[in-house]
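Engineer: Just dropping this structure here.
All of the numbers you see were taken from the coordinates with simple rules; none came from a lab. All figures in this text were calculated on a predicted structure; none of them were measured in a lab. Reconstructed Cβ throughout: ideal geometry from the backbone, glycine too, with neighbour counts over all protein chains shown.
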Amino acid sequence: MMRLVLEAIVWMLPANRMKNALLRRFGHQVADSAVIAPNVVLNVRRFEIGEDVRIGLLNVFRGLGLVRLGDHVIINSWNWVSASPQFQLVDPMAGTLDLRFGAGITSRHYLDASGTIIMDRHARIGGGRAYVQTHEPDFETNSQTAGRIFIGHHALVSSCAVMLKGAHLPPRSILAANSTLLPTSSAPAPGLYAGSPAKWKRELDGEYFRSPDHVMREFVVEGEMGPLTVENTSA
């Protein structure tokens, strides 16, 4: 119990190389170059954190077996990532969050990793309040089931979108805001998915889907900003 308390305190320390070294003492694999802000970590068996990973403030990681963050992964702030540990008694690899090279999660999302969540290179969960759920009840067998969710490379899950157990978002695809992606029996085609349940709408193209960069670095303001004036206020 004391070890768990001490480890939780270390996770709450400010980002620095000493913190990374202390986390390695607790059995985690943490690169010196990783920047890990204060976070709430409870009962997570192992972290594997690569080079130049960035983890923002006050994310919650609870009950997972493995959190694997590849090089240049970015997780911003206020995300909740949890797992039901009962599934890990059935399969020790349940409870896995696997983010590959350059993948990213913005802020204020909920991820249920009771099964497994895989985000391929440069995949993104963007906007806010997306929900990724890897477990669900099976009413026919009266049992709880867990599975895998996969987000392909350069794919984007948008604000308030939902991915349910077994869902697969193909590479270079977008799951539109407020859409719900369900599992399919056949390999889905890349493109825009929208609706509830989400259906393929059209093909996509653009520099985003080919970029080797980890973030969008150009910012554009479209239209007039600031308060409305009398001249441009409609009656």
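Engineer: Would you mind counting up the charge near R172? Only other residues with Cβ under 11 Å from its Cβ, with Lys and Arg at +1 and Asp and Glu at -1.
Structural biologist: Taking every other residue near R172 into account, the sum is -2.
Engineer: If you filter segment 160-235 for trypsin sites (Lys or Arg not before Pro), then keep DSSP loop positions with at most 13 other Cβ within 10 Å, what is left?
Structural biologist: When the trypsin sites (Lys or Arg not before Pro) of segment 160-235 are filtered for loop state and at most 13 Cβ neighbours within 10 Å, R217 remain.
Engineer: What is the sum of charges around H122, taking Lys and Arg as +1, Asp and Glu as -1, for the other residues whose C-beta is under 11 Å from the C-beta of H122?
Structural biologist: Residues close to H122 contribute a combined charge of +3.
Engineer: Using the Kirkwood radius built from alpha carbon pairs, what does the Stokes-Einstein equation give as D for the chain at 25 °C and 0.890 mPa s, in µm² per second? List each step's numbers first, then the result.
Structural biologist: On the way: Rh = 18.8 Å.
Using the Kirkwood radius from Cα pairs, D works out to 130 µm²/s.
Engineer: Restricting to bridges with both residues inside segment 107-232, how much of the DSSP beta-bridge set is antiparallel, in percent to the nearest 5?
Structural biologist: Taking every DSSP beta bridge within segment 107-232, about 30 percent pair in antiparallel fashion.
Engineer: In deg cm²/dmol and to the nearest 500, what is the mean residue ellipticity at 222 nm of the chain if only DSSP H runs of at least 4 residues count, each as -39500 (n - 2.57), divided by the residue total?
Structural biologist: Helices in the chain give a 222 nm mean residue ellipticity of -2500 deg cm²/dmol.
Engineer: Another one. Per 10 Å bin from zero, what fraction in whole % of the C-alpha pairs of segment 1-93 is there, up to the bin with the longest pair?
Structural biologist: Result, from short to long distances: 17, 54, 26, 3 percent.
Engineer: Still on this structure: Lys and Arg at +1, Asp and Glu at -1: add these up for the other residues within a Cβ distance under 9 Å of A31 and post the number.
Structural biologist: Surrounding charge for A31 is -4.
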